[in-house]
Structures are given as structure tokens and as C-alpha cells.
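Everything below concerns the one structure shown next.
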Amino acid sequence: MKVIRDEETCGIAMIPLFVDWNIRRCNVKGCTQKPTTIVTELGESIPIVGLCEEHYQQGDVPGGATFTFYLG
């Protein structure tokens with residue numbers, strides 16, 4: 001798993017990646033917030049997801065978090 005974030009410019013530098021990879025919102029099922037983070041290499045069935053800041057922070061703790069992703 002690889003995490004792509006830009007904390008220094010508040011995510012402005014991430015906009016081209018979000019556009020190129022067609023990430024328009026957080027991919028956690030039921031969430032409609034804008035993404036701030038890209039996570040890649042989760043597995044063959046989930047190659048890339050976007051996470052909003054809230055979901056990134058929930059997963060960025062010892063033990064992490066479990067999410068259901070919407071990839072539609």
C-alpha cells in the first residue's frame with residue numbers, strides 16, 4: 001500500500017492526480033467529502049482509492065481502520 005498526500009500546500013498539488021485518476025470524492029461508502037489523500041496498491045480488486053481527511057485520520061492510527069469502499 002502506498003499513500004500519496006500533500007500536507008504542505010493543503011492538497012493543491014494533488015489536484016492534477018485527482019483529475020488524472022478520476023477521483024472526485026472520498027471512496028468510503030456513503031461519504032461525499034472531497035478527497036485529500038490517494039491510497040494505491042490495496043489489492044487487485046481495489047487498485048486506487050481517494051480518502052477525505054476524516055477517513056485518512058481514522059485510518060492513520062495504530063491498528064488502522066476498516067472501510068467499505070464504493071468504486072462506482
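Values as computed for the structure displayed
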item	result
Neighbours by Cβ (under 8 Å, 6+ apart or cross-chain): first from the stretch 16-40, farther than 12 Å from Y56 by Cβ; second open to solvent by 80 Å² or more (accessible area, probe 1.4 Å) and among the hydrophobic types (A, V, I, L, M, F, W, C)	T40/M1
Condition check for T32: out of contact with any helix residue (DSSP H, G or I) (no Cβ under 9 Å at 6 or more places or on another chain) and open to solvent by 80 Å² or more (accessible area, probe 1.4 Å)	yes
The lone exception for Y56 - which of (1) part of a loop (DSSP other than H, G, I, E, B); (2) in contact (Cβ under 8 Å) with a residue 24 or more places away in the chain; (3) on the phi < 0 side of the Ramachandran plot it fails	(1)
Residues that are under 14 Å from L42 (Cβ atoms), modelled with pLDDT of 90 or more and among the hydrophobic types (A, V, I, L, M, F, W, C), drawn from the stretch 1-28	V3, I4, W21, I23, V28
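The values are calculated or read from the model by the stated rules, or taken from the named source; none is laboratory data. Every value quoted in this text rests on a predicted model; they were computed, and no experiment measured them. Note that we place each Cβ from the backbone using ideal geometry, even for glycine, and neighbour counts take in every protein chain shown. SASA here: full protein model, heavy atoms, side chains in, ligands and nucleic acids out. Shrake-Rupley method; radii C 1.70, N 1.55, O 1.52, S 1.80 Å.
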